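Chemist: Questions regarding the structure given below will be posed in turn.
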Amino acid sequence: MASTGYHRRLIACAMLIAAALVAQANAIHIYLEWNVTLDSTIKPVSQDQPVIAINGLFPGPLINTTTNDFVHVNVFNNMDEPLLFTWNGIQQRLNSWQDGVSGTNCPIQPGTNWTYVFQTKDQIGSFFYFPSINFHKAAGGFGPIRVINRDVIAVPFPKPEAEFDLLIGDWFYDSYKSTRAMMCTHLGAYYTIPDIILMNGKGPLGNPMSKAYESFNVTQGKTYRLRISNVGNALSFNFRIQNHQMVLVETEGSYTDQITLDSLDVHVGQSYSVLVTANQNDADYYMVASPKLINASDFTSLVGIGVLHYSNSISQVSGPLPVGPDPFDLHFSVNQAKSIRWNLTAGAARPNPQGTFNVSNVTLSQTFILQSSIADLYDQIPRYVVNNVTYSTPETPLKLADYYVNGTGVYQLDAFPVQSVNANASCGVSVVTGIHKGWIEIVLKNNLDAMDSWHLDGFGFYVVGFGIGDWTAKSRDTYNLFDPVVRSTVQVYPGGWSAVYAFLDNPGMWNLRSQLLKHWYLGQELYVRVHDPDPNPAKERPPPENLLLCGMFSDSPAPAPAPAPPSSWN
């Protein structure tokens, strides 16, 4: 019997290897060439301001892939500042070298190019990319990513007639450099809000600042998939379509239980797929995105307005805008968030159902309790802090320092407090240990007046709980451990908390950050170092052949890798 069990394990192992080889054989390589420029002719809101365009496009071009494809993006930086792109929600399995944030990559200098190569390994869903440094996201440079199911994996809803990418986000009238400069003032850092909401780079219908508005053409009786992303800088919004309901089907790579909604809250950095059936009379209908926690009647330009146009419509859009929930009603938003559940029976990137992986009986290895707030440092410099520490970006990317010199001279591992709040605000290069193949609980507490939104590169969050008020250990009794949705970005309500689990099976240096641009730019982030000391099975990939060097390594050839770090680091 023991021998039989041994042979069964051998057969199972061989089948897994064969499946991996088949997946590799079926994957394709997608080659993209991006010319990134500052374009002053686009003027999405009739303002003289530079817009980051990719191959002349704003928003940038769609990256359309299938599970396990390899994507090569050759970025030519024709701007006047260093540039990086990050791939929001793409997990970069075993390959944080391609993550495209300041802690993992040297920036692409003006007048040069660099090629990202990453795999959409074991993922499906709706995502987007954006520039990650120098406040560039406020100038554009973002675009959609679709990761399609392999043919052998069934999609848990009928094939729609067509799909639309809908990138919605707030926008400033001033140039991004002017807005960035304002971040060193209390007014800019703490009080300034954006000026207008764009849909796919276009202003609201009827707004005198708009050069154009977004419109989707549909045919009566057909069903369409809208992939909606909040690519903005600061504001959550509620999305709705006049006289139409939406069926929620996916969020950031997870198929959800299908629920019918009149409106949907989308927070900064989040993506959703909804199905919309054109089941009304042939006409034109409003698509509306209104801000949360703002009285839109006082800021009418902060209501994004587009059109759902029926192909046989001969009438203009008319009537009042569809009314959404009270923007200050946090209970509505929390209850909707709690209703978004993982579809346990659907397959996604793999043939086995999503529910094969669950958190109902996991043993936690770590708990981080992270509190967001503000603090003035030194000469009253405004900063956003986590546990009263604001992140200070070193000249040498953490990943380079980690690989070549064990972090020496760049960061001190685990100096950041993960369960307590520093008595005095301070700066730090915040890098903490994530236990490889351990389950981590992250509790995000928001002491700010604004809605916050948090993202972890390299992993999916199991969103197990939300609450208004303080979090205590007793709050775990309210967690949903049966079917929590898995996503890469979770909102944190003002004066509230959100709790997530993550399985740290992806070695690398991973950014944990606020998705709100000024929060991130002013220090609300840290890095989680997940290290696998065992070379068998294969651990993280080595540096790419085209690795850029900077900081302490800028004037020398790439040094030899450092020896393995002490066991106390692992």
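Chemist: Among the residues that make up segment 138-157, is at least one of them surrounded by fewer than 23 Cβ atoms within 10 Å (Cβ to Cβ) and in contact with a Lys or Arg (Cβ under 6 Å, 6 or more places away or on another chain)?
Modeler: no
For (1) closer than 20 Å to Asn105 by Cα; (2) open to solvent by less than 30 Å² (accessible area, probe 1.4 Å); (3) not basic (Lys, Arg), each residue gets a yes or a no:
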residue	(1), (2), (3)
Val389	no, yes, yes
Pro397	yes, yes, yes
Ala401	yes, yes, yes
Tyr404	yes, yes, yes
Gly409	yes, no, yes
Leu413	yes, yes, yes
Gln419	no, no, yes
Ala423	no, no, yes
Ser426	no, no, yes
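Chemist: Return yes or no: is Lys222 charged (D, E, K, R) and either open to solvent by less than 10 Å² (accessible area, probe 1.4 Å) or closer than 26 Å to Asp48 by Cβ (or both)? Quick ask: steps written out before the conclusion?
Modeler: Details: charged (D, E, K, R): yes; either open to solvent by less than 10 Å² (accessible area, probe 1.4 Å) or closer than 26 Å to Asp48 by Cβ (or both): no.
The answer is no for Lys222.
Chemist: Here is a list of conditions, (1) at pLDDT below 95; (2) farther than 30 Å from Arg150 by Cβ; (3) small (Gly, Ala, Ser), and Gly428 meets all of them except one; can you say which number that is?
Modeler: (1)
Chemist: Right, something else. Would you tally the residues in segment 158-190 being of a type in the set (S, T, N, Q) and either within 23 Å of the chain's Cα centre (by Cα) or open to solvent by less than 20 Å² (accessible area, probe 1.4 Å) (or both)?
Modeler: The initial filter retains those residues of segment 158-190 that are of a type in the set (S, T, N, Q), namely 175, 178-179, 185.
Pick out the ones that are also either within 23 Å of the chain's Cα centre (by Cα) or open to solvent by less than 20 Å² (accessible area, probe 1.4 Å) (or both) and you get 179.
Residues meeting the conditions: 1.
Chemist: How about segment 316-361: which of its residues are hydrophobic (A, V, I, L, M, F, W, C), at pLDDT 95 or above and open to solvent by 70 Å² or more (accessible area, probe 1.4 Å)?
Modeler: Result: Val323, Phe328.
Chemist: Give just the number: which of (1) charged (D, E, K, R); (2) more than 25 Å from Val362 (Cβ to Cβ); (3) in contact with a strand residue (DSSP E or B) (Cβ under 6 Å, 6 or more places away or on another chain) does Asp449 not satisfy?
Modeler: For Asp449, the failing item is (3).
Chemist: Still on this structure, I have one more. So how many residues does segment 440-450 have that are more than 19 Å from the chain's Cα centre (by Cα) and open to solvent by 40 Å² or more (accessible area, probe 1.4 Å)?
Modeler: Counting residues in segment 440-450 that are more than 19 Å from the chain's Cα centre (by Cα) and open to solvent by 40 Å² or more (accessible area, probe 1.4 Å) gives 2.
Chemist: Determine whether Met287 is at negative phi, free of Cβ contacts under 8 Å to residues at least 60 places away in the same chain and of a type outside the set (S, T, N, Q). Working first, answer last.
Modeler: Numbers: at negative phi: yes; free of Cβ contacts under 8 Å to residues at least 60 places away in the same chain: no; of a type outside the set (S, T, N, Q): yes.
When the stated conditions are applied, Met287 does not pass them.
Chemist: Next up: Any idea which of (1) within 21 Å of Val231 (Cα to Cα); (2) outside any strand (DSSP E or B); (3) open to solvent by 20 Å² or more (accessible area, probe 1.4 Å) is the one Thr41 doesn't satisfy?
Modeler: Thr41 satisfies every listed condition except (1).
Chemist: Given Leu444, Leu364, Leu398, which one is farther than 30 Å from Val147 by Cα and either in contact with a Gly (Cβ under 8 Å, 6 or more places away or on another chain) or modelled with pLDDT of 95 or more (or both)? Even if it seems obvious, please write down each step before you answer.
Modeler: Working: Leu444 fails: farther than 30 Å from Val147 by Cα; Leu398 fails: farther than 30 Å from Val147 by Cα.
From the options Leu444, Leu364, Leu398, the qualifying one is Leu364.
Chemist: Moving on to the next point. Would you point out which residue out of Ser475, Ser453 is in a helix (DSSP H, G or I) and either open to solvent by less than 30 Å² (accessible area, probe 1.4 Å) or of a type in the set (Ser, Thr, Tyr) (or both)?
Modeler: Unique residue meeting the criteria: Ser475.
Chemist: Go through (1) touching a strand residue (DSSP E or B) at 6+ places or on another chain (Cβ under 7 Å); (2) in contact (Cβ under 8 Å) with a residue 40 or more places away in the chain and name the single condition Thr478 misses.
Modeler: It fails just one condition, (2).
Chemist: Please specify each residue of segment 498-514 satisfying the condition of being open to solvent by 10 Å² or more (accessible area, probe 1.4 Å) and not charged (D, E, K, R). Lay out the reasoning, then the answer.
Modeler: Taking segment 498-514 as the starting set, the residues that turn out to be open to solvent by 10 Å² or more (accessible area, probe 1.4 Å) are 501, 503, 505.
Matches in segment 498-514: Tyr501, Phe503.
Chemist: Has segment 58-74 got at least one residue that is of a type in the set (A, V, I, L, M) and farther than 19 Å from Ile30 by Cβ? First the steps, then the outcome.
Modeler: Start the filter on segment 58-74 by keeping residues that are of a type in the set (A, V, I, L, M), which leaves 62-63, 71, 73.
Those left that are additionally farther than 19 Å from Ile30 by Cβ: none.
Within segment 58-74, none of the residues are of a type in the set (A, V, I, L, M) and farther than 19 Å from Ile30 by Cβ.
Chemist: State the number of residues belonging to segment 237-268 that are open to solvent by less than 10 Å² (accessible area, probe 1.4 Å), under 20 Å from Val492 (Cβ atoms) and within 15 Å of the chain's Cα centre (by Cα).
Modeler: Adding up the residues that qualify gives 5.
Chemist: A further question follows. Among the residues of segment 269-291, is any outside any strand (DSSP E or B), closer than 20 Å to Ile145 by Cα and open to solvent by less than 20 Å² (accessible area, probe 1.4 Å)?
Modeler: At the first step, the residues of segment 269-291 found to be outside any strand (DSSP E or B) are 269-270, 278-283.
Filter once more, keeping what is closer than 20 Å to Ile145 by Cα: 269-270.
Then drop every residue that is not open to solvent by less than 20 Å² (accessible area, probe 1.4 Å), which leaves 269-270.
The answer is yes, given that some residue of segment 269-291 is outside any strand (DSSP E or B), closer than 20 Å to Ile145 by Cα and open to solvent by less than 20 Å² (accessible area, probe 1.4 Å).
Chemist: Does any residue of segment 520-528 turn out to be open to solvent by 50 Å² or more (accessible area, probe 1.4 Å) and either modelled with pLDDT of 95 or more or out of contact with any Cys (no Cβ under 9 Å at 6 or more places or on another chain) (or both)? Working first, answer last.
Modeler: Step one: of segment 520-528, the residues open to solvent by 50 Å² or more (accessible area, probe 1.4 Å) are 521.
Right, trim to either modelled with pLDDT of 95 or more or out of contact with any Cys (no Cβ under 9 Å at 6 or more places or on another chain) (or both) and you get 521.
Yes, because at least one residue in segment 520-528 is open to solvent by 50 Å² or more (accessible area, probe 1.4 Å) and either modelled with pLDDT of 95 or more or out of contact with any Cys (no Cβ under 9 Å at 6 or more places or on another chain) (or both).
Chemist: If we only count strands (runs of 3 or more DSSP E) wholly inside segment 367-440, which ones have 1 or more residues that are in contact (Cβ under 8 Å) with a residue 24 or more places away in the chain and among the charged types (D, E, K, R)?
Modeler: On the way: elements: 381-386, 389-391, 426-428, 431-434.
Qualifying strands (runs of 3 or more DSSP E): 381-386.
Chemist: Within the bounds of segment 296-306, is there any residue that is of a type in the set (Gly, Ala, Ser), buried (at least 19 other Cβ atoms within 10 Å of the Cβ) and in a helix (DSSP H, G or I)?
Modeler: Yes, that holds for at least one residue.
The values are calculated or read from the model by the stated rules, or taken from the named source; none is laboratory data. Just so it is clear, the model here is predicted, and its values are computed rather than measured. No Cβ is skipped: glycine too gets one built from the backbone with ideal geometry, and neighbour counts run over all protein chains shown. To get the accessible areas, we keep the full protein, side chains included, count just its heavy atoms, and leave off ligands, DNA and RNA. Shrake-Rupley method; radii C 1.70, N 1.55, O 1.52, S 1.80 Å.
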